[in-house]
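**Student:** Okay, here's the structure, questions in a sec.
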Amino acid sequence: MTASAPQTEQAASDPTTPALKRVLICDEMNPGNLDFPGFELEYEGNLPREETLRRLPDFDALITRSRTKVDKELIDAAGPRLKVIGRGGVGVDNIDLDYASLRGLLVLNAPESNNVSAAELAIMHLMAAARGLTRSDAKTRAGDWDRKFLGLELKDRTLGIIGLGRIGSMVADRAQGLRMNVVAYDPYVPESKFERLGVKRAATLDELLAQVDAVTVHTPLTDETRGMLGEAELAKLRPGSIAVNAARGGIIDEQALVNALNSGHLFAAGIDVFVDEPPTPDHIFLHAKNLGITAHLGANTVEAQERVGAEIVDRVLAALQGDVSKGAVNAPALDPKTMEALGGYLTLGEKLGRILAQLLPGASDIEVTFRGDFPADPAPVLTSVLVGYLSGSTDERPNMINARALAKERGLSVAVREQTDSPDYQTEVIVKVTEHGSRDRTRTVGGTVFGKSPRLTRLRDFRVELEPEGYILIASNEDKPGAVAKLSNLLGTWGINIAGMALGRAQKGGQALFTLTLDDALSSEQLDAVRALDVIESAYLVKA
């Protein structure tokens, strides 16, 4: 099926007429309208791989779903004409992102297309769990007419939402429509969004778990969120609570969930996702009681499938015209000249942003100051700061293309200052984030580049000089002898090696700050023990 803008015979033969941009859609989807001026779209629902390899060199863009594997072989076969790869939906596991970026190809997806469907599925699981839908369905089909089961009303109960991104926000809105009270935990979202949604904010995960009757997760799967609801966390829920996971398999520990259901601590649960899909016939979920299961159907509605096709087509066409503000998954490599000049600063910017995300994750404002004479326009460094700050906190993976758009969507105000003089270093990047709430909080870090190697130069108002690698313990204390020795001895009892150290102070006898680079992370209990030392005023652990 092919649609293209009509051309007159004169225009077709006129060498000054711009050539049509050609787009190949090689997987089955509902692409919607295929008639766009200046473009020729060819839709071949299940195009065989050998045909895709043969035909792709004649196209400017390729649109796929999950069937077609966009690997090195296919990318190489495309040749120099291909500029954009579009993936209908969220996942891009079938695309070799690293090689596409190396070749300068832009990869787009359409993650928003299934937001409504995913939110509604989570609410469906919540309601089904409350009323024992799957339990009653199974018994009735087996000939057991059991009318003794008592379900739960959701009205006036409290729903806890972990992750207040796009889908979590929709779940909050729909839960409020059911007259539920809603509380959410998301350290990466500014206070203003909670206020706008009318959602109570929980400062910690434990605080949320202690006050809810049901919990649902809507956060990306990262090292931080994998298994974040385990045995200990589920035990903190009120007896008779409900748990729902329609986000990513593994956010709720599978064995811990089954144990909580079997013990009766949880009233019921709903699951749309597994760690390994499809599950094996002996998977523990398949035999757990009071557990409703769907087969990863979050995006599977007629409306979502219509939206995903239309949205990815729109985004690919926009990208071919130079607008890459929506849906960018990767960041094609910067030109060699820029990379040569700013490579170390780009690494520095991302590390500064990542450190600040751990020190003050829910900032409302971020200000980047460039001091000194940089070897090239430092604008890309600002973007790399945003990439670091937003990593792990959004539904989409931030990169050099989409980071500014994601920051705007999250309500993060971005400001840039430039100072021609740098009093301490030839160049310096200083980043300050501010959280507006009952009391404003700020955190500041700074750094420079020696050769091509990033260095931390500032933490708060203290001067330091430290290579930002591995785990960094940041501790403040009164400027008196013995603090470093006591902390070092404590770390030694745990067998944790100190790889590097930097000291700083505001004035003699005042407050001092020291940083230790550690080979290993500290557990939450170990960090509490550090903070309990009589010579330590505050202590934070970050990963650079």
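**Student:** Whenever you get a sec, compute what percent of the accessible area on the chain sits on carbon and sulfur atoms (1.4 Å probe).
**Tutor:** Numbers: 12730 of 25420 Å².
C and S atoms contribute 50 percent here.
**Student:** Per residue of the stretch 260-265, in order, report the coupling 6.51 cos²θ - 1.76 cosθ + 1.60 (Karplus, θ = phi - 60°) as ³J(HN,Hα) in whole Hz, putting x for Gly and Pro.
**Tutor:** 5, 6, 5, 6, x, 5
**Student:** If you don't mind, there's one more thing I want to ask. Over the stretch 443-543, what is the mean sequence separation of C-alpha contacts under 8 Å (at least six apart), divided by residue count, expressed as relative contact order in percent?
**Tutor:** Details: 188 pairs, mean separation 31.4, N = 101.
Relative CO of the stretch 443-543 lands at 31 percent.
**Student:** Determine by what factor the alpha-carbon radius of gyration of the stretch 315-456 differs from 2.2 N^0.38 Å, reporting the quotient. Don't skip to the answer; put the middle values down first.
**Tutor:** Working: Rg = 15.2 Å, N = 142, 2.2 N^0.38 = 14.5 Å.
It is 1.05.
**Student:** Also, I was wondering about something else. How much area per residue is accessible in the stretch 406-544 when the probe is 1.4 Å and only protein heavy atoms are counted (Å²)?
**Tutor:** Normalised by residue count, the accessible surface of the stretch 406-544 is 53 Å².
**Student:** Charges only on Cβ, +1 for Lys and Arg, -1 for Asp and Glu: so what's the dipole of the stretch 41-179 about the Cα centre, in debye to the nearest 20? Before the final figure, lay out the partial values.
**Tutor:** Values: 22 positive and 20 negative charges, 139 e Å.
With only Lys, Arg, Asp and Glu charged at Cβ, the dipole is about 660 debye.
**Student:** Determine the per residue accessible area of the stretch 330-385 with all protein chains present and a 1.4 angstrom probe, expressed in square angstrom. If you can, show how the numbers build up before the last one.
**Tutor:** Values: 1930 Å² over 56 residues.
Heavy-atom SASA per residue in the stretch 330-385 reads 34 Å².
**Student:** State, as an integer percentage, the relative contact order of the stretch 185-261 based on alpha-carbon contacts under 8 Å between residues 6 or more apart.
**Tutor:** Numbers: 91 pairs, mean separation 24.1, N = 77.
Reported relative contact order: 31 percent.
**Student:** Please turn the phi angles of the stretch 304-314 into ³J(HN,Hα) values with the Karplus equation 6.51 cos²θ - 1.76 cosθ + 1.60 (θ = phi - 60°), one per residue in order, whole Hz, x for glycine and proline.
**Tutor:** Result, rounded to whole Hz: 5, 5, 5, 5, 4, x, 5, 5, 5, 5, 4.
**Student:** Quick one: which residues, 5 or more positions from Ala268 or on another chain, have an amide H under 5 Å from its amide H? H modelled 1.01 Å from N in the peptide plane, none for Pro or chain starts.
**Tutor:** When sequence neighbours closer than 5 places are left aside, the close amide H contacts are Ala243.
**Student:** Test of understanding: express the Cα radius of gyration of the stretch 132-238 as a ratio to 2.2 N^0.38 Å, with N the residue count. All intermediate terms of the calculation are to be shown ahead of the outcome.
**Tutor:** Details: Rg = 16.2 Å, N = 107, 2.2 N^0.38 = 13.0 Å.
Rounded to two decimals, the normalised Rg is 1.25.
**Student:** I've got another one for you. What are the extents of the Cα atoms of the stretch 11-148 along their three principal axes, in Å, largest first?
**Tutor:** Largest to smallest, the principal-axis extents are 79, 33, 24 Å.
**Student:** Quick one: grab the alpha carbon gyration tensor of the stretch 21-75, order the square roots of its eigenvalues as a ≥ b ≥ c, and give me rounded if a/c is under 1.5, else prolate or oblate depending on whether a/b is larger than b/c. Numbers along the way, then the final one.
**Tutor:** Values: a/c = 2.20, a/b = 1.39, b/c = 1.59.
Here the stretch 21-75 falls in the oblate category.
**Student:** Once each part is reduced to its C-alpha centroid, what is the distance from the stretch 404-473 to the stretch 255-312 in angstrom?
**Tutor:** 41 Å
**Student:** Could I ask something else about it? How much accessible area per residue does the stretch 251-301 have, counting only protein heavy atoms and a probe of 1.4 Å, in square angstrom? Working shown, then result.
**Tutor:** Values: 2370 Å² over 51 residues.
On a per-residue basis, 47 Å².
**Student:** Considering only DSSP beta bridges whose two residues both sit in the chain, what percent are antiparallel, to the nearest 5? Don't jump to the answer; show the numbers that get you there.
**Tutor:** On the way: 49 of 97 bridges.
Just about 50 percent of them are antiparallel.
**Student:** Find out how many positive minus negative residues lie around Ser136, taking Lys and Arg as positive, Asp and Glu as negative, among other residues whose Cβ is under 14 Å from that of Ser136.
**Tutor:** Details: positive: Arg131, Arg135, Lys139, Arg141, Arg147, Lys148, Lys289; negative: Asp137, Asp144, Asp146.
The answer is +4.
**Student:** Kirkwood-based Rg over Rh for the stretch 201-317 (C-alpha set), two decimals?
**Tutor:** On the way: Rg = 16.2 Å, Rh = 15.5 Å.
Ratio of gyration radius to Kirkwood radius: 1.04.
**Student:** Additional query: Could you tell me which of rounded, prolate or oblate describes the stretch 72-164, using a ≥ b ≥ c as the square roots of the eigenvalues of the alpha-carbon gyration tensor, with rounded for a/c under 1.5 and, failing that, prolate when a/b is larger than b/c and oblate otherwise?
**Tutor:** On the way: a/c = 5.38, a/b = 2.75, b/c = 1.96.
Judged from the Cα gyration tensor, the stretch 72-164 comes out prolate (a/c at least 1.5, a/b above b/c).
**Student:** Moving to a separate point now. Residue-wise, which Karplus ³J(HN,Hα) couplings in Hz belong to the stretch 196-212, taking 6.51 cos²θ - 1.76 cosθ + 1.60, θ = phi - 60°, and x for glycine or proline?
**Tutor:** Per-residue couplings from phi come out as 5, 8, x, 10, 6, 9, 9, 6, 9, 5, 4, 4, 5, 4, 6, 10, 10 Hz.
**Student:** Same structure again: Binning at 10 Å from 0, report for the chain what percent of all alpha-carbon pair distances ends up in each bin.
**Tutor:** Here the calculated profile for the chain is 3, 15, 22, 23, 20, 11, 4, 1, 0.
**Student:** Hey, what did the chain get for relative contact order, percent, Cα under 8 Å, at least 6 apart? Display every interim value, and only then the final one.
**Tutor:** Values: 1134 pairs, mean separation 61.5, N = 544.
After rounding, I find 11 percent.
**Student:** Return the ratio Rg/(2.2 N^0.38 Å) for the stretch 413-544, where Rg is computed over Cα atoms only.
**Tutor:** Details: Rg = 15.8 Å, N = 132, 2.2 N^0.38 = 14.1 Å.
Computed over Cα atoms of the stretch 413-544, the ratio equals 1.13.
**Student:** Still on this model: Note down the net charge around Ala235, summing +1 for each Lys or Arg and -1 for each Asp or Glu among other residues with Cβ under 14 Å from its Cβ. Show your work: numbers first, answer last.
**Tutor:** Details: positive: Lys236, Arg238; negative: Asp206, Glu231, Glu233, Asp253.
Once positives and negatives cancel, what remains is -2.
**Student:** Let me ask another. Taking the Cα centre of each part, how many Å lie between the stretch 153-187 and the stretch 194-219?
**Tutor:** Here the answer is 8 Å between Cα centres.
**Student:** Before rounding to the nearest 500, sum -39500 (n - 2.57) across all DSSP H runs of length at least 4 in the chain and divide by the residue total; then give [θ] at 222 nm in deg cm²/dmol. Mind showing how you got there, number by number?
**Tutor:** On the way: 17 runs with 170 residues, N = 544.
Dividing the helical sum by the residues of the chain leaves -9000 deg cm²/dmol.
**Student:** Rounded, prolate or oblate: which one fits the stretch 196-259, using the alpha carbon gyration tensor with axes a ≥ b ≥ c (rounded when a/c is under 1.5, else prolate when a/b beats b/c, else oblate)? Provide the component values of the computation, followed by the final result.
**Tutor:** Details: a/c = 1.70, a/b = 1.17, b/c = 1.45.
Here the stretch 196-259 falls in the oblate category.
**Student:** Taking K and R as +1 and D and E as -1, what net charge do the other residues with C-beta under 14 Å from the C-beta of Ala532 add up to? Write out the running numbers ahead of the final one.
**Tutor:** Values: positive: Lys486, Arg531; negative: Glu525, Asp528, Asp534, Glu537.
Net local charge, Ala532 excluded: -2.
**Student:** Could you list which residues have their amide H under 5 Å from that of Ala214, counting only those 5 or more apart in sequence or on another chain, with H placed in the peptide plane?
**Tutor:** Thr158, Gly160, Ile242
The values are calculated or read from the model by the stated rules, or taken from the named source; none is laboratory data. Since the structure is predicted, the reported quantities are computational estimates derived from the model, not experimental observations. Cβ sites come from the backbone with ideal geometry, for glycine too, and all protein chains shown count toward neighbours. When the accessible area is computed, the model is the full protein with side chains, heavy atoms only, and any ligands, DNA or RNA have been set aside. Shrake-Rupley method; radii C 1.70, N 1.55, O 1.52, S 1.80 Å.
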